[in-house]
Structures are given as C-alpha cells and as structure tokens.
C-alpha cells in the first residue's frame, strides 16, 4: 500500500465510531483479517473496500482505494474534498468561471472538426483543464451526497425534509 495513506481504513472505521469487532462482523470478515487490512499486512479486496466505504459512511475511502489498487486508476482524477459549505460554494464558482473559456477555446479549435498541428498544445492544455474541472465537480458531488445522506454538515446546519406537520 502507498505509504502516504497508511491506516486509511482504520482511521475511517474509528471516525465512524465502530469497533474493530463490529466492523469485522458487518463486513463479513474475521477480526484478524480486518486487523491485517488496517495494518497493511494484507491487501483490501475491492468488494471489502466498497463495503467499508458504505458502512463507515466515507465514499472517498472507496475512491482512494480504487486510485491505488485498480487498473482504471489512471483514469480517476485526484479529488480534494471541500472543507465546508462555504468552500463548496467557492469551488463551484471557480469551476463555473473556468468552464466558459475552456469550452470556447475547444469550440474554436474544433470548428474545422480536427485539431491542427499548431493547435495541439493548446488543445492538450484545455483537456488538462477539463480533467481538473471534472475532479472538482466529482468532489462537490461526493460532498453534497454526504450532506444529503447525513442530513447535516460539519458545521451542524441540518437539512430537514419537509414534513406534513403534526396530526
């Protein structure tokens, strides 16, 4: 496993407030196997990582696992999660500001339905910009889904569904 990410599985479990014994039971693995996963003695299978992400309510756990352990990792962008609702809104504004000029440039380059040799560097630069935007959008979507699922943000603002009132 990547040394930059040691104990990711254990940290996620602890953050979720779940004991190792309970997590092993919910995951359908032995406590020993879970201990081995959490101490980098055994590779976490993809299906177990997916279950951990669900049980620990940490969708980024599965994403990061796939980035490190999957053949498709080269297609998965780096994702930096917003650090709160204000950061989420700010990131969305920045993405919106970046999108229009990128689309205009690509439309101009592709107007003749091909990338001419003198346009290739600029085209590649714009594709890189789109990759960064895709990663940013993905982070915002995951963050928003966590708010939706949990019903509250890290700042304690609760998102409540409308109720019919008391009867």
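Derivation of every value follows stated rules applied to the coordinates shown; laboratory data play no part. Source: prediction; values computed, not measured.
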**Report entry** Alpha-carbon gyration tensor eigenvalues x 5, square-rooted, for the range 3-75, Å
**Finding:** 19, 13, 11
Requested in this report: Compute the length gained on full extension between residue 93 and residue 127: take 0.36 nm times their separation in residues and subtract their Cα-Cα distance, giving the result in nm to one decimal.
Outcome: 10.3 nm
Query raised in the report: When the helix-only estimate is applied to the chain (DSSP H runs of n ≥ 4, each -39,500 (n - 2.57), divided by the residue count), what is the mean residue ellipticity at 222 nm, nearest 500 deg cm²/dmol?
Result: -19500 deg cm²/dmol
Query raised in the report: How far, in degrees from 0 to 90, does helix 46-55 lean away from the longest principal axis of the Cα atoms of the chain, to the nearest 10?
Result: 70 degrees
Query raised in the report: How far, in degrees from 0 to 90, does helix 120-150 lean away from the longest principal axis of the Cα atoms of the chain, to the nearest 10?
Result: 30 degrees
Query raised in the report: On the first, second and third principal axes, largest extent first, how far apart are the outermost C-alpha atoms of the chain in Å?
Result: 61, 54, 24
Query raised in the report: So how compact is the range 85-150: Cα radius of gyration and Dmax in angstrom?
Result: 15.2, 50
Requested in this report: List the relative contact order of the range 15-67 as a percent without decimals, with contacts defined as Cα pairs under 8 Å and 6+ residues apart.
Outcome: 30 percent
Query raised in the report: Expressed as a rounded percentage, what relative contact order does the chain have, with Cα pairs under 8 Å and six or more residues apart?
Result: 19 percent
